[in-house]
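Step one of this worksheet: look at the structure below.
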Amino acid sequence: MAHKISLFETPVWVSELNINADEILEDVLEFCSKTESVQRSNVGGYQAQDYHNQKLYEAIGRNLPRKHIDHLNEFQIHGWVNINKKGDYNMRHTHANTDILLCGVYYLKVPKNSGRIRFYDPRGAWLQAMPDHRYFYDSFDYGFVEPEENYVIFFPSWLEHGVEPNNSSEDRISIAFNIVADVPFPR
């Protein structure tokens, strides 16, 4: 029997943060009371740029995926708040930018049925028609990660993603972010 070797994988990292989520939620709600919503990837709901919370960003930094030989000391986090009410969602999009090392989402409130984050296969939709993809992967061109409260998800900036509609009567609250770092080219 042949053994499988995965080449060119697309990693997504998930980690629980050791932080007081109630404190962060209080700060987010205060921020939202003073900051106007903008229209970006959100369809309905509230989205506001330039959110900053030092405790949260330090916790994200401690959980940032790293190569075992690289400490990656120099990076910045640029965040924004998403609040999705019933029926609200985030469209399929990327954060593709050569300055962004990784993107991420920290989940503060995740009621049951409030929507999963969907990641699209970066190899393209044409792949669905290929016999091996139909046979081994049932022709799926996307996969889901079920969010959990006080967890952070990291992913590459070029990876297309979106969020399902919130089917709960409660708000789903998350903080999305980009991590900017000067990463040298390998020698």
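The values are calculated or read from the model by the stated rules, or taken from the named source; none is laboratory data. Predicted, not measured: the structure shown is a model, and the values here were computed from it. Neighbour counts are summed over all protein chains in view; Cβ atoms, including those assigned to glycine, are modelled from backbone coordinates with ideal geometry.
A few points about this structure:
- Evaluated against (1) closer than 21 Å to Pro11 by Cα; (2) at pLDDT below 95, Ile179 falls short on exactly one condition, (2).
- Candidate set from the range 1-19 (those that are free of Cβ contacts under 8 Å to residues at least 24 places away in the same chain and of a type outside the set (Gly, Ala, Ser)); member that is farthest from Leu102 (Cα to Cα): Met1
- Considering residues of the range 111-128 that are assigned to a loop (DSSP other than H, G, I, E, B) and surrounded by fewer than 20 Cβ atoms within 10 Å (Cβ to Cβ) only, the residue nearest to the chain's Cα centre (by Cα): Arg116
- Qualifying positions in the range 79-110 - in contact with a Gly (Cβ under 7 Å, 6 or more places away or on another chain) and in a loop (DSSP other than H, G, I, E, B): Lys85, Gly87, Asp88
- Lone qualifier among Val152, Val145, Val183 - being β-branched (Val, Ile, Thr), under 20 Å from Asn63 (Cα atoms) and in contact with a helix residue (DSSP H, G or I) (Cβ under 7 Å, 6 or more places away or on another chain): Val152
- Residue in the range 6-63 that is surrounded by the most Cβ atoms within 10 Å (Cβ to Cβ), counting only those that are in a loop (DSSP other than H, G, I, E, B) and among the acidic types (Asp, Glu): Glu36
- Considering the range 15-37, the residues that are β-branched (Val, Ile, Thr) and more than 14 Å from Ala176 (Cα to Cα) include one that is nearest to the chain's Cα centre (by Cα), namely Ile19.
- Output for the range 75-100, where each listed residue is of a type outside the set (A, V, I, L, M) and within 14 Å of Gln47 (Cβ to Cβ): His78, Gly79, Trp80, Asn82, Asn84, Lys85, Asp88, Tyr89, Asn90, His93, His95
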